[in-house]
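Sharing a structure here in structure tokens format.
No value in this document is a laboratory result; all are computed from the given coordinates. As the structure is a computational prediction, the values presented were derived from the model and not from experiment. Note that each Cβ is placed from the backbone with ideal geometry, even for glycine, and that neighbours are counted across all protein chains shown.
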Amino acid sequence: MHFGLRIALASLSTHKLRTVLAMLGVFLGALALTGVQHVSQAMVRKAEVDIEKLGPNLFMARAGNIQFRRSGGGGSGGDVRSFKVADAYAVIQGLPAAVTGAPFVQMPMQVRSGGLKIPATLVGSTPEYLRVRSLELAQGRFFSEQELHDRAMVCVLGANIAQRLFGGPDAAVGREVYFYRARLRVVGVCLPKGADIVGTDQDEQVFVPLSTSMRRMSNTDFITGVYLELAPGADPEQAREAAAGILRQRHGIQPGQRDDFTLLTARDTIELQQQALDLVAVLGLISSSVSFAVGGLGILSIMILLVRTRRLEIGVRRAVGARRGDIVAQFLFESGLLSGVGGALGVLTALALLGVLYALGPFPAVFDPLLLIAVPLGSVALGLAAGAYPAWQAAQYEILDILRSRG
């Protein structure tokens, strides 16, 4: 084995440029395959984590038509003024699978404290919102039913808002913030939560009683929608059909007419994102396959060249007792080594790039041990396949023919 390795290294070092070019295709193939597959898995895992953050068995009915982007966010179109508070409670009470629900209204507004003024999303809802959206408090409390009834001027800040305005949750509770001329007292601060089902950063939100938002801050009679928590094991499709029937009847939508609302679960966003991820994975497989094919052809060409330039070495080895099988094994070893090193370098480079991506990006660190082992082994197999013909060709040389050609 040691002798064969010395011969392989000496042979490959003789043609350094061709060796590097032959390895390059396998290197790029291993890099693309390892990198793309890991990024796809990390994005799927991130989507699953986002679902876990949204709340248990979350179901949403929202005004207008939501169009999702491949990145996971979305926007609303159509009539967004048709959804009323009564519609929300009709859905909550009309769905047997609904454990609880919280109507809500969202609007972008600037929040101010002292000389600081920053953009935020004002969310008016009920105390049930805390449970339905699985929010947790870092400091203070959420607003109460009595404060909802009294249209109290109180609010709960998202984590980023509290940090930017007051330097942290401890300093925020008890302070006052302003939305235009409306003054609200901070009673609580939420723990960091991240983006929600339609791409809104919940850490950039300010939560107030629904009555306060609709009557004392914006004076509107419509809401954005309603969040519901479904019972464990409930069929979301049955809930969707029941909610659609209730809202179509209340909004007077006739058969064949387009709905003026959107019904979805957290899993719906996963399915939309998965379509994009599948496309990325397929493109990655195509690019890595092309690179591996180019690498295989490169190894084939350099091994044919090596066989032709090493006729005398082959003849000498045969003359001192080497069998045809020994010659085949030597050239297969060299082609496998060439491809295996290229594949291993590709995997190591991909791991380094993934480490940087995971450290700087929003993705959880995902490493697939099976893939990390399979890619180098597959590279070796590619090298053996590419070197099979040159190895067979080398073994067919006759000693006398080699000596005559040298004479």
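Give the residue list of trypsin sites (Lys or Arg not before Pro) in segment 169-221 that are DSSP loop and have at most 12 other beta-carbon atoms within 10 angstrom.
Values: sites: 175, 181, 183, 185, 193, 215, 216; in loops: 175, 181, 193.
Of the trypsin sites (Lys or Arg not before Pro), the ones in loops of segment 169-221 whose Cβ has at most 12 other Cβ atoms within 10 Å are 181.
What order do you get for 200-213, 84-97 when each peptide is scored by the mean count of other beta carbon atoms within 10 Å, highest first?
200-213, 84-97
Just to be sure I understand the model, the point goes 7 Å from the Cα along the line to the Cβ. What's the resulting residue 183 to residue 100 distance in nm?
Roughly 3.3 nm, to one decimal.
Might you report the magnitude of the Cβ-based charge dipole of segment 272-364 about its Cα centre, with Lys and Arg at +1 and Asp and Glu at -1, to the nearest 20 debye?
640
Something else: Return a whole-number percent for the relative contact order of segment 83-259, with Cα pairs under 8 Å and 6 or more residues apart as the contact set.
32
Taking +1 at the Cβ of each Lys and Arg and -1 at the Cβ of each Asp and Glu, which of 159, 254, 107 sits farthest along the dipole of segment 83-259 towards its positive end, judged by Cα position relative to the Cα centre?
Farthest along the dipole direction, towards plus: 107.
So for segment 83-259, taking the charge dipole from beta-carbon charges (+1 Lys/Arg, -1 Asp/Glu), which of 226, 118, 242 sits furthest toward the positive end?
Of the candidates, 118 comes out farthest on the positive side.
OK, next. So what are the ³J(HN,Hα) numbers for segment 347-363, from phi and the Karplus equation (6.51, -1.76, 1.60; θ = phi - 60°), rounded to whole Hz, Gly and Pro as x?
So the J values, rounded to whole Hz, are 5, 4, 5, 4, 4, 5, 5, 5, x, 5, 4, 5, 6, 9, x, x, 8.
Provide the FRET efficiency to the nearest 0.05 for the residue 241-residue 89 pair, computing r from the beta carbons and using R0 = 22 Å.
According to the calculation, E is roughly 0.70.
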